[in-house]
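Shown next, in C-alpha cells, is the structure this report addresses.
Since every read-out is calculated from the coordinates, none of them should be taken as a lab result. Bear in mind that the values here come from a model prediction, so they are computed numbers and not experimental data.
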Amino acid sequence: MTTFPLFHLPLVAMEHVLCMMPPFDLIDLSKTSSRAKRAVKRFLRLKPKFEISIGYTEEPHIILANINESWGSFRTTDESRIGYETETLLSLPFHKTIKHSMNPYEEWMKEYEYVKGFLDCRLAGVFYGAFTDLPRQFNEIGDWILTKFRQSRLDNPR
C-alpha cells in the first residue's frame, strides 16, 4: 500500500484533508506519532467543540456530538458486528463505528480517558441499559461510570 504524505502537504491542503475526517479517525491518527498528535490537536482548535457521552446499552460506547451530527465508537467481542453504520438520532446524522475487542470494557475506559483529555470536551451524559449482560467486573465498571459522572458534575456545575 502506498503511503499518503499528509504532513508534507501545504498547511491549507493538510487542513482540508483533516476536515474530511470524522473525529474518531482524527483521534486514531493522533495516536500514530507525536507529530500527528500535534497536527491534529492544532487542527481541532479551529473546529467546533464536541461533547462526549459514555454508556453501556448493548455494548460499551463513546459518543462525540456537535450541533450538526454525532459519532459513536462501540466495542464488541462479536466479530460479526464489526462495521460502520449511519442512522438518524434525534433528527441528526449518527455515524456508528463498531470495533472488535477482546477486552471491550478496558479498551472503552482507556479510549474515554484519551478522547476526553485530547479533545478537552465536557462529559454531556452517561447512559446505561440493563446491566444483566455485564461481565464479572460489574462493580469496577459501575464505580468507574459513577466517578466520571461525579467528575463531570464538579467540572461543570450548574
The chain: translational diffusion in µm²/s, Stokes-Einstein, Kirkwood Rh over Cα pairs, 20 °C, 1.002 mPa s: 127
Candidates 52, 98, 62, ranked by Gaussian network fluctuation over the chain, Cα under 10 Å, top entry: 98
Amide hydrogen neighbours beyond the local backbone of residue 89, cut-off 5 Å, H modeled: 94
Taking the C-alpha atoms of the range 1-47, convex hull volume expressed per residue in Å³: 82
Scaled radius of gyration (Cα, divided by 2.2 N^0.38 Å) that the range 44-127 gives: 1.07
For the range 14-87: Kirkwood Rh in Å [reciprocal of mean 1/r, alpha carbons]: 13.8
Percent antiparallel among DSSP beta bridges (both partners in the chain, rounded to 5): 60
